[in-house]
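Let me begin by handing over the structure; questions about it come next.
What follows is calculated from the coordinates using simple rules that are stated; it is not laboratory data. Note that this is a predicted model, so its numbers are computed, not measured. Reconstructed Cβ throughout: ideal geometry from the backbone, glycine too, with neighbour counts over all protein chains shown.
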Amino acid sequence: GVAIRLQNCRKTFADGTLALHPLDLTIQAGETLVLLGPSGCGKTTTLRMIAGLEFPDEGGRILFGDEDVTRQPIEKRKVGMVFQSYALFPNMTVAENVGYGLKVQKVKAADIKRRVADMLEMMELAPLAHRRISQLSGGQRQRVALARAIITSPRVLLLDEPLTALDALLRDRLRADINSLLRKLGITAIYVTHDQDEAMALGDRIVVMEHGRVSQIGTPREIYFEPQNDFVADFIGQINVFEGQVRNRCMQLPGGSLTGVALADGPGRIHCRPEDMEITEAGSGQLTGVVQQTQFIGDRNRVWVSGVSEQPVLVDCDGRAQFTPGQTVGLLIKPDQMIRLDQQQVRAA
Ligand code: ADP
Ligand code: MG
């Protein structure tokens, strides 16, 4: 794969819709970059510009390695694409679908046969080689779509919500397969999704997008543990917000005084992940509240505690911990688990 650079890529559609504000983005060679964000934020538009299916407004540039491809149509760019809807040829067999790109490139029939066989083997599709697409399940179709996209050794693989149409179990399985496939091939890949778990699992880096702009770029860990703004903090996982007056590193909250807050005196805000808090015996935590509701989900017990902050606070406890609604509890947050959005994670003073 090659490195891909977008420079000043703004996109206005014919009807005047500004889908993307000027975007600068570099995808390293061999990297899997995930574009993550809610519906309508501009993910597909970005991908289609990279593919050559849309062109940026005047002044935008797209580079594949050192080559300027800004005005190149899709046929010239040598990209592989996989979409949510499979876009396969329904009346062709699996093998014919997978070999299609090679046929277009006028590769010799014997070579096509061999390369298709290798590819089907790798994608665990060999037993299905002679089936028609209409006879396959959704997951199998998406494997075929992947095989068809990568067999021509594209310079970049573009995937637009490829798992969205599949049921949860299949999605998990195929996600793991795509992950190992991308690592094995070392191909440059751009993966679009609105699913944060998928983004975390697949991305070397994640670009969180909101309303046609990049909200944050970082590794999954950076995005999760060091969100830079409210949008990213809320969009990725669940997070609690504590808001109150700070004095001498203590924040005054309805449930007590939260100590170890590395903020200046005055009104302040701190975020904390549900798994970074602990429920203690009543009276022994920094804060006090009342269990409002619990939800046992096996590995965790999700506990909502009211009276601590303006909103109920969500705490993820060990699955074996049991609490009863109405029970008064203490709450602990370690200072180094508090997230301050304007900066790096707050360290203990
Ligand atoms: P996403 O893939 O993140 O859901 P899109 O890139 O498809 O978002 O769309 C971004 C914005 O551009 C949306 O507001 C969408 O309605 C608009 N848009 C997409 N394609 C077109 C088009 N061909 N003409 C006009 N507006 C469009
Ligand atoms: Mg889209």
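For the chain, just say rounded, prolate or oblate: build the C-alpha gyration tensor, square-root its eigenvalues into a ≥ b ≥ c, call rounded for a/c under 1.5, and beyond that prolate if a/b exceeds b/c, oblate if not.
It is prolate, given that a/c is not under 1.5 and a/b is the larger ratio.
Okay, next question. What distance in nm separates the simple spin-label points at residue 328 and residue 299, each placed 7 Å from Cα in the Cβ direction?
About 3.5 nm separates the two model spin labels.
Still on this structure: Run the helix sum for the chain: -39,500 (n - 2.57) per DSSP H stretch of 4+ residues, divided by residue count, reported at 222 nm to the nearest 500 deg cm²/dmol. If you can, show how the numbers build up before the last one.
Values: 9 runs with 88 residues, N = 349.
For the chain, the value works out to -7500 deg cm²/dmol.
So, by mean Cβ neighbours within 10 angstrom, what's the order for 265-271, 156-162, 297-303 with the highest one leading?
Numbers: 265-271: 16.1, 156-162: 23.4, 297-303: 14.6.
Top of the packing list down: 156-162, 265-271, 297-303.
Beta carbons within 10 angstrom, averaged per residue: use that to sort the peptides 312-320, 246-254, highest first. Intermediate values should be presented prior to the final figure.
Values: 312-320: 18.2, 246-254: 16.3.
Result, highest mean first: 312-320, 246-254.
State the answer as a single residue: which of 46, 236, 280 lies farthest towards the positive end of the charge dipole of the chain, with beta carbon charges of +1 for Lys and Arg and -1 for Asp and Glu, about the Cα centre.
Farthest towards the positive pole: 46.
Another question about this same structure. Label points 7 Å out from Cα along the Cβ direction at residue 132 and residue 108: separation in nm?
Modelled inter-label distance: 3.3 nm.
Here is a follow-up. Listed highest first by mean packing, meaning other Cβ atoms within 10 Å per residue, what order do 36-46, 5-15 come in? The partial results should precede the final answer.
On the way: 36-46: 20.6, 5-15: 15.2.
Descending mean neighbour count gives 36-46, 5-15.
Between rounded, prolate and oblate, where does the stretch 11-65 land on the alpha carbon gyration tensor, with a ≥ b ≥ c its root eigenvalues, rounded for a/c under 1.5, else prolate if a/b exceeds b/c?
Details: a/c = 2.15, a/b = 1.33, b/c = 1.62.
Since a/c reaches 1.5 but b/c is at least a/b, the shape of the stretch 11-65 is classed as oblate.
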